[in-house]
Amino acid sequence: MALLVIDTTGSDCSVALRVAGQADLCHSDAIGRGHAERLAPMVAEMLEQAGLQASQISRIGVTTGPGSFAGSRVGVAFARGLALASGAEAVGIGNLEVLAQDAAVPGPLAVLHDAKRGDIVLQVWNGGTAGAPELLALGDVAGRILELAGPRGHLAGSGAALLELDGYDDLAMTAISLPALLDLAAGVDAASAPPVPFYARPPDAKLPGGVQP
C-alpha cells in the first residue's frame, strides 16, 4: 500500500508518503501562501524520490480543516483530482483529530481551533470517544469543556492559549503532525471520511443575490 497525505490548511504546504517496508517520507515548506502552485511539484518530487508512479498510490489522505479557507479548498481539490486520475481512494481527516492523535494523552483532551472573531471550534475526547466539533463563543468554551470532560484534562490546538482553565494542562500543540496524519489516513474507514472541507463558518464572500459560493 502506498499512502500519500497532504496538508495545506495552514501556513505550511506539507506532504508525506508511506510505503510498506520503507521509512516514511515527510516534507513541509513554510510558504505562507501559494499552496496551489507548490503542492503538485512537491508531490511529484516525493513520488520520484520513492521511485513510484502516481498510479501506484492506493490511498490519499487530506486534512479538511478547520484552518485556512483557501488552503482547505486547495488540499481537498488536489486530493480529489489526483485520486480520480490515479485510481486511488481519497479520505478526509479533520485537523482536530490529527492533533488529538499526536497528543496521545490519557484522560480527557480538549482540542481548540482559534476561529477568530472571538469564536472557537472545540472538539473533546473523553474515554477514547470523540465528541462532535462545535463552534462556540470563547466565553462559553470553559463551561462546555467542564460539562463534557470534567474538572481535569489537557488542551491542544491554536485556541488553547486563549483559554485559562484550572485543572487543564496546555500541551502547546498547534502544528499538524505528518506521522499522525499518516496513521489516521491509513486506518480510517473511507465510507465515514469523505474528503470534504470543514469550515468554521460560511465564507464572507457571496455571489450576487446573497448566495454563498
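The values are calculated or read from the model by the stated rules, or taken from the named source; none is laboratory data. Being a predicted model, the structure only gives us computed values, none of them experimental. Glycine gets a Cβ as well: all are built from the backbone with ideal geometry, and neighbour counts include every protein chain shown. The area values use the complete protein model at the heavy-atom level, side chains included, leaving out ligands, DNA and RNA. Shrake-Rupley method; radii C 1.70, N 1.55, O 1.52, S 1.80 Å.
Quick rundown of the values:
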item: Residues of the range 43-59 satisfying the condition of being in contact with a Ser or Thr (Cβ under 8 Å, 6 or more places away or on another chain) and surrounded by 18 or more Cβ atoms within 10 Å (Cβ to Cβ); result: I57
item: Residues of the range 90-110 that turn out to be of a type in the set (G, A, S) and under 13 Å from P133 (Cα atoms), as a count; result: 3
item: Number of the condition not met by L39 [criteria: (1) open to solvent by 10 Å² or more (accessible area, probe 1.4 Å); (2) in a helix (DSSP H, G or I)]; result: (1)
item: Members of the range 171-204 found to be of a type in the set (S, T, N, Q) and part of a helix (DSSP H, G or I), listed by number; result: S192
item: Boolean, R117 is open to solvent by 50 Å² or more (accessible area, probe 1.4 Å), more than 11 Å from the chain's Cα centre (by Cα) and closer than 25 Å to A172 by Cβ; result: yes
item: Any hit, the range 56-68, residues being on the phi < 0 side of the Ramachandran plot, part of a strand (DSSP E or B), modelled with pLDDT of 95 or more and small (G, A, S); result: yes
